[in-house]
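Worksheet for the structure shown next.
The values are calculated or read from the model by the stated rules, or taken from the named source; none is laboratory data. The model shown is predicted, which means the values in this text are computed figures rather than measured ones. Cβ placement follows ideal geometry from the backbone for every residue including glycine, while neighbour counts extend to all protein chains displayed. To get the accessible areas, we keep the full protein, side chains included, count just its heavy atoms, and leave off ligands, DNA and RNA. Shrake-Rupley method; radii C 1.70, N 1.55, O 1.52, S 1.80 Å.
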Amino acid sequence: MPSRKFADGEVVRGRWPGSSLYYEVEILSHNSTSQLYTVKYKDGTELELKENDIKPLTSFRQRKGSSTSSSPSRRRGSRSRSRSRSPGRPPKSARRSASASHQADIKEARREVEVKLTPLILKPFGNSISRYNGEPEHIERNDVPHKNTQEKFSLSQESSYIATQYSLRPRREEVKLEEIDSKEEKYVAKELAARTFEVTPIRAKDLEFGGVPGVFLIMFGLPVFLFLLLLMCKQKDPSLLNFPPPLPALYELWETRVFGVYLLWFLIQVLFYLLPIGKVVEGTPLIDGRRLKYRLNGFYAFILTSAVIGTSLFQGVEFHYVYSHFLQFALAATVFCVVLSVYLYMRSLKAPRNDLSPASSGNAVYDFFTGRELNPRIGTFDLKYFCELRPGLIGWEALLTTMDIIHDGFGFMLAFGDLVWVPFIYSFQAFYLVSHPNEVSWPMASLIIVLKLCGYVIFRSANSQKNAFRKNPSDPKLAHLKTIHTSTGKNLLVSGWWGFVRHPNYLGDLIMALAWSLPCGFNHILPYFYIIYFTMLLVHREARDEYHCKKKYGVAWEKYCQRVPYRIFPYIY
């Protein structure tokens with residue numbers, strides 16, 4: 001059996017199929033049967049190449065030096081001024097006048113700009129820079145993919161945003177736009193940069209949540225399940241043996257006044273969100289290079305909300321109304337969520353391709369659930385950011401680097417989670433204790449408080465550490481942390497909380513969830529649905545995160561997993 005020439009993880013140059021262009025790639029694996037190498041290009045594209053289509057990086061540097069010394073046009077004392085014909089240069093017999101050639105080349109460049117293919121944007125591996133054969137990159141005709149290439153490539157959020165930032169250089173010679181003056185060069189570059197980047201829909205086999213059938217069941221199943229839980233909780237004996245609970249008539253669940261109160265609560269939070277107080281920060285770069293601005297004033301909104309509630313109590317408002325109409329509030333929130341989701345999907349149909357989520361699939365049902373548009377905004381009002389933090393979960397501000405913001409679109413999944421599931425399930429223990437009180441001793445109460453604080457410290461510290469590292473990896477305060485370099489140019493934290501387990505923030509979250517459930521006692525399993533569901537949710541979320549990280553970081557992520565073997569629970573999982 002022939003031995004392989006290149007090792008896994010080695011950075012080489014691979015020929016692009018159907019062309020003579022070689023690009024920097026990373027070796028992922030080798031099939032000893034087919035003798036094909038699986039390689040990864042810098043835009044994330046993975047292909048299988050033959051060994052003779054792969055060259056070591058050093059061979060290109062040697063070829064450059066050799067061709068320089070032996071090129072007939074560069075030999076000193078040579079009387080011949082012959083020049084090898086480049087792809088953009090016509091043969092001598094067909095050479096046109098300078099003016100005609102100039103105009104024709106401009107038209108040709110413009111035609112190439114108008115090729116409706118997604119540009120292949122490459123980023124350097126490791127610490128490599130934007131150079132080829134030791135010379136800086138230039139704008140070239142070959143920067144635009146060949147017209148016969150039919151594949152479209154999805155652009156990751158970490159990709160470069162200007163199509164001419166990294167040119168795609170031919171293997172043997174450098175082809176410059178010698179006959180296009182600087183004015184026309186700028187025009188070509190401007191046209192390339194202005195092209196709309198297309199977000200390639202993900203393949204059917206990569207759909208999450210069980211694909212289209214799965215999200216269809218989730219959208220109908222979760223609201224039904226929520227109401228069954230609440231009805232079970234209101235029974236005198238909330239045992240699972242009494243499932244299903246008696247179902248009320250539909251008219252008993254809907255009350256227009258309750259819907260009005262819910263809208264009032266929502267609009268009050270909108271008003272607090274729009275107040276010009278609190279610092280303004282920038283989010284992570286979008287696919288086109290923009291960085292959206294967010295105002296962080298959740299703490300002020302919490303203080304103002306508390307003041308409004310305190311004033312209402314002083315004025316004699318009975319908040320028992322919320323508990324006695326809890327089911328009606330849940331239905332009002334669900335109806336509002338459905339209307340919002342329809343609006344989000346309809347507006348996404350007119351959104352620019354740059355504004356769509358990387359998880360967009362092209363399937364209407366799936367995209368309605370996961371959300372097509374990444375950051376839907378009305379002016380400066382960010383709908384996703386607001387719904388994530390205000391109506392149901394005030395105070396969670398280290399959000400801008402989470403998967404919800406940088407990857408998931410805003411559709412039914414997040415809208416229902418933010419506006420219905422979080423406020424009505426995360427308060428489920430309190431709703432249970434109203435009808436089924438449980439006396440807790442002082443030692444037990446102290447233990448629960450300590451457990452809650454431990455979970456909060458882990459959750460808050462891990463998220464703060466990750467957020468600070470993503471915003472400024474060179475921060476002197478983080479200099480003690482160990483990292484693993486990746487092919488994207490970014491580093492992975494491998495010490496601190498992120499060297500303890502791979503998702504310490506999830507561990508802290510689950511500890512707090514357990515602390516919230518313990519005051520309910522152990523007479524029924526129903527109040528522990530929160531911690532059971534939350535564990536399943538975070539394990540699934542962790543699996544999604546692992547998939548994306550492995551796809552994005554490749555060998556570096558495998559090294560990180562070897563250094564940090566446990567995902568959430570130390571020595572367990």
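Couple of notes before you dig in:
- Look at the Cα gyration tensor of the range 383-495: its axes a ≥ b ≥ c give a/c of at least 1.5 with a/b at or below b/c, and that counts as oblate.
- Accessible area per residue was computed with a 1.4 Å probe on protein heavy atoms; His485 scores about 70 Å².
- Averaged over its residues, the range 356-465 has an accessible area of 36 Å² per residue, based on protein heavy atoms and a 1.4 Å probe.
- The range 513-573 shape via C-alpha gyration tensor axes, a/c threshold 1.5: prolate
- Relative contact order of the range 212-328, pairs being alpha-carbon contacts under 8 Å that are 6 or more residues apart, as %: 22 percent
- If R0 is taken as 30 Å, the Cβ-Cβ distance between Lys293 and Ser461 corresponds to a FRET efficiency of 0.65.
- Heavy-atom accessible surface of Ser32, to the nearest 10 Å², is about 60 Å², with a 1.4 Å probe and all protein chains retained.
- 13 Å beta-carbon shell around Arg4, net charge (K/R +1, D/E -1): -1
- Taking a sphere under 11 Å around the Cβ of Phe369 and counting the other residues whose Cβ falls inside, with K and R at +1 and D and E at -1, yields a net charge of -2.
- Computed accessible area, Trp516, all protein chains, 1.4 angstrom probe, square angstrom: 140 Å²
- The mean sequence separation of alpha-carbon pairs under 8 Å and at least six residues apart, normalised by the residue count of the range 377-501, gives a relative contact order of 18 percent.
- Heavy-atom accessible surface of the range 270-365: percent carbon and sulfur, 1.4 Å: 68 percent
- If R0 equals 45 Å, the separation of the Cβ atoms of Phe381 and Ser3 corresponds to a calculated FRET efficiency of about 0.15.
- Note on Ser32 and Gln562: the model spin-label points, each 7 Å out from Cα along the C-beta direction, lie 1.9 nm apart.
- Cα-based shape type of the range 412-476, given that a ≥ b ≥ c are square roots of the gyration tensor eigenvalues and the cut on a/c is 1.5: oblate
- Accessible heavy-atom area order of Lys384, Lys236, Lys55, highest first, probe of 1.4 Å: Lys236, Lys55, Lys384
- Cross-link check: pairs Lys279/Lys551; Lys452/Lys490; Lys293/Lys477; Lys50/Lys550 evaluated at a Cα-Cα cut-off of 31 Å; pairs beyond the cut-off: Lys279/Lys551; Lys452/Lys490.
- Each of His485 and Glu282 was given a label point 7 Å from its Cα along the Cα-to-Cβ line. The distance between the two points is 2.5 nm.
- For GluC sites (Glu not before Pro), the sites in the range 318-396 that DSSP calls loop and that have at most 14 other Cβ atoms within 10 Å are Glu318.
- Ranking by accessible area, most exposed first, for Leu230, Leu447, Leu36, Leu537 with a 1.4 Å probe: Leu447, Leu537, Leu36, Leu230
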